[in-house]
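Report on the structure given below.
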Amino acid sequence: MSLSSMTGFSRSEGEHNNASWVWEIKSVNGKGLDSRCRLPGGFERLEPVVREAVQKRFKRGNFSVNLTLSMRSGDGGFQINWDVLDHVLAAVPDVMVKCPSATPPSVDGLLALRGVIEIAEEDGTDDERKALDAELLASMNTALDGLMVARQSEGERLHGFLTDQIATVRTLHGQAVAETQKQTGILTNRLKQGVAELLEEAPTLPEDRLAQEVAVLFTKADISEELDRLSAHCDAARDLLSLDGGIGRKFDFLCQEFNREANTLCSKAIVSELTTIGLELKVVIDQMREQVQNVE
């Protein structure tokens, strides 16, 4: 058994020469796999590698990958990206026309814009840049490994919770089975009364029509099929929990089937005890499905 959650967080720090950094990666539940990266200006080149690394490790979840990088002074320092600044300045007149009451941009405000100030690259540092990229990616992989551990740890908790919930459904199923005899007795009396009323109203009612009416009355209150399917769903859920890999989508569909049987049980219940059991089943199944949303 190896159940993994889609929820987790991991952090990794590192240093190389004049650079220090922090990777922070978190994931939440999602229908598919989606990665969003926030990397410092000049390091966008790492984004395809980051996305590929996420896809290799995980199957589902929404991922947020953030890199905070600091460069100590005394080496390359910082420089202005004039291309970015020129584009910003070119847009200022149009912005002022659309927002005439706005305050004209200040120099420090312009320089604070993302991408205007960037790390200066020294001549002949191509090898050093590659070395920094390698260190950054190694640190990123460490963070992803930590995230996988965090998701698996949360998955163990989910496994225990779902196992307990399935056991609770089993218990309620057994209680429902025990109440069926009482419901069957009431149903039998109703059938006898219904048949008597039919024969009184139509003494010459054909036998096949009488059989149809009896079958309709019986079907409306018979819960044996629902209880059989509920038991089968418990077996299927237990089998799913024993599998490795992503089972989230299958388990979510199974929870819908659980809920369908509980609804039908409530609608067919004649005795109040069965209604109570059906409502308790719905509560447990809703709790189970809420947790299943986090299963990868």
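The values are calculated or read from the model by the stated rules, or taken from the named source; none is laboratory data. All values reported here derive from a predicted model rather than from experimental measurement. Glycine gets a Cβ as well: all are built from the backbone with ideal geometry, and neighbour counts include every protein chain shown.
Figures for the structure shown
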quantity: Those residues of region 9-25 which are under 15 Å from residue 141 (Cα atoms), in contact (Cβ under 8 Å) with a residue 60 or more places away in the chain and surrounded by 14 or more Cβ atoms within 10 Å (Cβ to Cβ), in sequence order; calculated: 9, 10, 11, 12, 14, 21, 23, 24, 25
quantity: Pairs, first under 20 Å from residue 267 (Cβ atoms) in region 177-188, second part of a helix (DSSP H, G or I) and modelled with pLDDT under 70, C-beta under 6 Å, six or more apart; calculated: 187/221
quantity: Single residue of region 16-33 satisfying the filter (outside any strand (DSSP E or B) and closer than 30 Å to residue 292 by Cβ) that is nearest to the chain's Cα centre (by Cα); calculated: 29
quantity: One residue from 70, 4 being hydroxyl-bearing (Ser, Thr, Tyr) and either over 30 Å from residue 150 (Cβ atoms) or in contact with a Gly (Cβ under 9 Å, 6 or more places away or on another chain) (or both); calculated: 4
quantity: Number of positions in region 38-60 that are touching a residue at least 24 places away in the same chain (Cβ under 8 Å), outside any loop (DSSP other than H, G, I, E, B) and over 19 Å from residue 6 (Cβ atoms); calculated: 4
quantity: In region 238-249, the residues that are within 14 Å of residue 59 (Cα to Cα) and among the charged types (D, E, K, R); calculated: 244, 249
quantity: Matching residues in region 213-251 - criterion: being assigned to a helix (DSSP H, G or I), modelled with pLDDT under 85, surrounded by 12 or more Cβ atoms within 10 Å (Cβ to Cβ) and not small (Gly, Ala, Ser); calculated: 213, 214, 217, 218, 220
quantity: Qualifying residue in region 119-131 (condition: farther than 29 Å from residue 61 by Cα, among the small types (Gly, Ala, Ser) and assigned to a helix (DSSP H, G or I)); calculated: yes
quantity: Answer residue from region 34-48, given it is surrounded by 14 or more Cβ atoms within 10 Å (Cβ to Cβ) and under 18 Å from residue 143 (Cα atoms) and is nearest to the chain's Cα centre (by Cα) among those; calculated: 34
